[in-house]
Amino acid sequence: RYGRYSNCCFYRGEFGSIPLPTADYVVCSGALNYRHSDPGYLQQMLVRFFAAARLGMAINLLRRVDFSDGVLVAYEPAEVQEFCQRIAPRVELLDRSPALASDHYTLLLYRGAEKVRH
(Lines give C-alpha, C1' and ligand atoms only; values in the text may rest on other atoms or scores of the structure.)
Protein backbone atom coordinates (compact mmCIF):
# COMPACT_ATOMS: atom_id res chain seq x y z
CA ARG A 1 0.00 0.00 0.00
CA TYR A 2 2.74 2.49 0.88
CA GLY A 3 5.73 0.88 -0.85
CA ARG A 4 5.50 3.20 -3.82
CA TYR A 5 6.33 6.25 -1.71
CA SER A 6 9.99 7.27 -1.76
CA ASN A 7 10.02 8.06 1.95
CA CYS A 8 8.66 4.65 2.95
CA CYS A 9 10.85 1.58 3.48
CA PHE A 10 9.97 -1.91 4.63
CA TYR A 11 12.47 -4.31 6.16
CA ARG A 12 12.02 -8.03 6.43
CA GLY A 13 13.56 -9.89 9.32
CA GLU A 14 13.43 -10.58 13.04
CA PHE A 15 13.76 -7.18 14.73
CA GLY A 16 15.91 -8.60 17.52
CA SER A 17 18.71 -9.60 15.17
CA ILE A 18 18.68 -7.34 12.08
CA PRO A 19 20.18 -3.84 12.03
CA LEU A 20 17.39 -1.35 12.73
CA PRO A 21 17.22 1.83 10.66
CA THR A 22 16.93 5.13 12.49
CA ALA A 23 13.41 6.57 12.40
CA ASP A 24 11.66 9.53 14.00
CA TYR A 25 9.40 7.18 15.96
CA VAL A 26 9.49 3.46 16.67
CA VAL A 27 6.15 1.77 17.35
CA CYS A 28 5.76 -1.76 18.68
CA SER A 29 2.33 -3.13 19.49
CA GLY A 30 2.11 -6.55 21.11
CA ALA A 31 5.17 -8.11 19.49
CA LEU A 32 7.10 -8.26 22.75
CA ASN A 33 4.48 -10.26 24.61
CA TYR A 34 5.60 -13.54 23.06
CA ARG A 35 7.49 -15.73 25.50
CA HIS A 36 11.26 -15.75 25.01
CA SER A 37 13.94 -17.96 26.55
CA ASP A 38 15.94 -14.89 27.62
CA PRO A 39 14.35 -13.30 30.73
CA GLY A 40 15.93 -9.92 29.81
CA TYR A 41 14.58 -9.90 26.25
CA LEU A 42 11.95 -7.20 26.85
CA GLN A 43 14.49 -4.80 28.36
CA GLN A 44 17.01 -5.52 25.59
CA MET A 45 14.41 -4.76 22.91
CA LEU A 46 13.26 -1.59 24.65
CA VAL A 47 16.86 -0.31 24.67
CA ARG A 48 17.34 -1.40 21.04
CA PHE A 49 14.13 0.24 19.81
CA PHE A 50 14.75 3.47 21.71
CA ALA A 51 18.27 3.67 20.27
CA ALA A 52 16.72 3.59 16.78
CA ALA A 53 14.23 6.39 17.57
CA ARG A 54 15.21 9.99 16.87
CA LEU A 55 12.21 11.53 18.67
CA GLY A 56 10.42 8.82 20.58
CA MET A 57 8.85 5.43 20.85
CA ALA A 58 5.49 3.84 21.64
CA ILE A 59 5.09 0.33 22.97
CA ASN A 60 1.91 -1.55 23.75
CA LEU A 61 2.07 -4.52 26.13
CA LEU A 62 -0.28 -6.94 27.84
CA ARG A 63 -0.80 -6.63 31.58
CA ARG A 64 -2.45 -10.05 31.84
CA VAL A 65 -2.88 -13.19 29.79
CA ASP A 66 -5.46 -15.94 30.10
CA PHE A 67 -2.97 -18.82 30.31
CA SER A 68 0.25 -18.28 32.25
CA ASP A 69 1.92 -21.29 30.62
CA GLY A 70 1.06 -20.30 27.05
CA VAL A 71 2.96 -18.53 24.31
CA LEU A 72 2.18 -15.05 25.69
CA VAL A 73 3.67 -13.34 28.73
CA ALA A 74 2.30 -10.32 30.62
CA TYR A 75 4.25 -7.42 32.13
CA GLU A 76 3.39 -5.25 35.12
CA PRO A 77 2.98 -1.63 33.89
CA ALA A 78 4.79 -0.01 36.84
CA GLU A 79 7.83 -2.29 36.43
CA VAL A 80 8.15 -1.61 32.70
CA GLN A 81 7.63 2.12 33.27
CA GLU A 82 10.38 2.14 35.90
CA PHE A 83 12.79 0.49 33.46
CA CYS A 84 11.84 2.90 30.67
CA GLN A 85 12.55 5.85 32.95
CA ARG A 86 16.15 4.64 33.13
CA ILE A 87 16.60 4.85 29.35
CA ALA A 88 14.42 7.84 28.37
CA PRO A 89 14.26 11.38 29.76
CA ARG A 90 10.47 11.40 29.56
CA VAL A 91 8.04 8.47 29.84
CA GLU A 92 4.25 8.49 29.82
CA LEU A 93 2.12 5.53 30.84
CA LEU A 94 -1.25 5.43 29.07
CA ASP A 95 -3.26 3.02 31.12
CA ARG A 96 -6.98 2.48 31.32
CA SER A 97 -8.45 2.05 34.74
CA PRO A 98 -8.10 -1.52 36.03
CA ALA A 99 -11.82 -1.28 36.82
CA LEU A 100 -12.41 -1.29 33.05
CA ALA A 101 -10.61 -4.65 32.85
CA SER A 102 -8.22 -3.47 30.17
CA ASP A 103 -5.66 -6.15 29.44
CA HIS A 104 -3.11 -3.85 27.79
CA TYR A 105 -1.34 -0.52 28.28
CA THR A 106 0.90 1.80 26.28
CA LEU A 107 4.15 3.50 27.16
CA LEU A 108 5.41 6.56 25.30
CA LEU A 109 9.13 7.31 25.53
CA TYR A 110 10.51 10.65 24.36
CA ARG A 111 14.05 11.83 23.69
CA GLY A 112 13.22 15.36 24.90
CA ALA A 113 11.91 16.11 28.36
CA GLU A 114 9.44 18.75 27.14
CA LYS A 115 5.69 18.06 27.02
CA VAL A 116 4.42 16.88 23.63
CA ARG A 117 0.82 17.45 22.58
CA HIS A 118 -1.12 14.43 21.33
Checking Gly30 against (1) out of contact with any Phe, Trp or Tyr (no Cβ under 9 Å at 6 or more places or on another chain); (2) farther than 28 Å from Gly112 by Cβ, which single condition isn't satisfied? (2)
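Quick grid of which residues meet (1) in contact with a helix residue (DSSP H, G or I) (Cβ under 6 Å, 6 or more places away or on another chain); (2) part of a helix (DSSP H, G or I):
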| residue | (1), (2) |
| --- | --- |
| Val26 | yes, no |
| Gln44 | no, yes |
| Phe50 | yes, yes |
| Ala58 | no, no |
Would you tally the residues in segment 73-91 being of a type in the set (A, V, I, L, M) and not in a loop (DSSP other than H, G, I, E, B)? 4
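Provide a single number: the residues in segment 60-72 that are assigned to a loop (DSSP other than H, G, I, E, B), open to solvent by 50 Å² or more (accessible area, probe 1.4 Å) and out of contact with any Asp or Glu (no Cβ under 8 Å at 6 or more places or on another chain).
Of all residues in segment 60-72, those assigned to a loop (DSSP other than H, G, I, E, B) come to 63-71.
Right, trim to open to solvent by 50 Å² or more (accessible area, probe 1.4 Å) and you get 64, 66-69, 71.
Next cut, out of contact with any Asp or Glu (no Cβ under 8 Å at 6 or more places or on another chain) only: 66-69, 71.
Matching residues across segment 60-72 total 5.
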When Arg12 is evaluated against the numbered criteria (1) under 21 Å from Ala88 (Cα atoms); (2) open to solvent by 90 Å² or more (accessible area, probe 1.4 Å), which criterion, by number, is the only one it fails? (1)
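Being more than 22 Å from Arg111 (Cα to Cα) and of a type in the set (Val, Ile, Thr) is true for just one of Val26, Val65. Which residue is that? Walk me through how you get there before you give the answer.
Working: Val26 fails: more than 22 Å from Arg111 (Cα to Cα).
Of Val26, Val65, the one residue that is more than 22 Å from Arg111 (Cα to Cα) and of a type in the set (Val, Ile, Thr) is Val65.
The values are calculated or read from the model by the stated rules, or taken from the named source; none is laboratory data. Please read these numbers as outputs of a predicted model, since none were measured by experiment. Glycine also receives a Cβ, built like all others from the backbone with ideal geometry; neighbour counts cover every protein chain displayed. Only protein heavy atoms, including side chains, enter the accessible area calculation; ligands, DNA and RNA are left aside. Shrake-Rupley method; radii C 1.70, N 1.55, O 1.52, S 1.80 Å.
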